[in-house]
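Below you'll find the structure, written out as structure tokens, and then a few comments.
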């Protein structure tokens, strides 16, 4: 008996969704604009552009999950955009603002300056590679190492605040590449940073909404210093917490030995 062949299901295409990838492109464009602004000497706009890139980077993933348009292409594109906007761009902006000037104080200072900028860029690449390889097994509540957008916020926020300095002097320039190098070191560290990913679905007390409103008010009054203070505190929180835990353990062990 002849049995008609059943039509086979067409293989599902690997779709490229427009909206989330458009937001990722906005992140990439903001990073590119920051470099152009830094080359032109407009460091205030360069710092602002990096923070705009952070907004696009936050929105693209949330939009993909909200509209169920997550894809392997989107993940790879987002990772590449992050490397540019939060790895390469802050290093170039920092170099253009102050690290390049430090060469005027001697060749050794100049080498240390551009090495600090390169170290930040390399650390961001290593941080993203480690995150991509461990994303399936990592605890979603924490990040291992300072996230690259937060590190970019620290470096770009410092440049934004310092853009009003006409002559920062040797001390200011040393601080500039020290901030860049420390941010890079924190990215590749093993410190645990809270991810705040559970806040979307967890109920919070009313007082925290008031605190959030006050934070926005402070940012509106002086955005450069407020954003630098917020992300700088976040960056320093993990190493300071680690030092505090070590001190407490040392006190406990000395107390136990003294009691015995």
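The values are calculated or read from the model by the stated rules, or taken from the named source; none is laboratory data. It should be emphasised that the depicted structure is a prediction, and the values quoted were computed from it without experimental measurement. Positions of Cβ are backbone-derived with ideal geometry, glycine not excepted, and every protein chain shown enters the neighbour counts.
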**OP:** With the condition kept exactly as written, say whether any residue in the range 230-239 is more than 30 Å from residue 38 (Cα to Cα) and either surrounded by 10 or more Cβ atoms within 10 Å (Cβ to Cβ) or modelled with pLDDT of 90 or more (or both).
**Re:** yes
Original post:
So which residues in the range 52-80 are crowded, with 17+ Cβ neighbours inside 10 Å and within 15 Å of residue 151 (Cα to Cα), if there are any at all?
Top reply: 52, 53, 54, 57
Subject >> Of the criteria (1) under 30 Å from residue 20 (Cβ atoms); (2) surrounded by fewer than 21 Cβ atoms within 10 Å (Cβ to Cβ); (3) free of Cβ contacts under 8 Å to residues at least 60 places away in the same chain, which one residue 110 fails >> reply: (1)
**OP:** Looking for whichever is under 20 Å from the mean Cα position of the chain (by Cα), buried (at least 20 other Cβ atoms within 10 Å of the Cβ), farther than 17 Å from residue 150 by Cβ and at pLDDT 85 or above here; the options are 90, 20. Which one fits?
**Re:** 20
Original post:
Which numbered condition trips up residue 66, out of (1) within 29 Å of residue 171 (Cβ to Cβ); (2) at pLDDT below 90?
Top reply: (1)
**OP:** Could you list all residues from the range 38-51 that are in a helix (DSSP H, G or I) and surrounded by fewer than 20 Cβ atoms within 10 Å (Cβ to Cβ)?
**Re:** 39, 44, 45
Subject >> In the range 182-211, residue modelled with the lowest pLDDT [restricted to those that are over 16 Å from residue 237 (Cβ atoms) and in a loop (DSSP other than H, G, I, E, B)] >> reply: 201
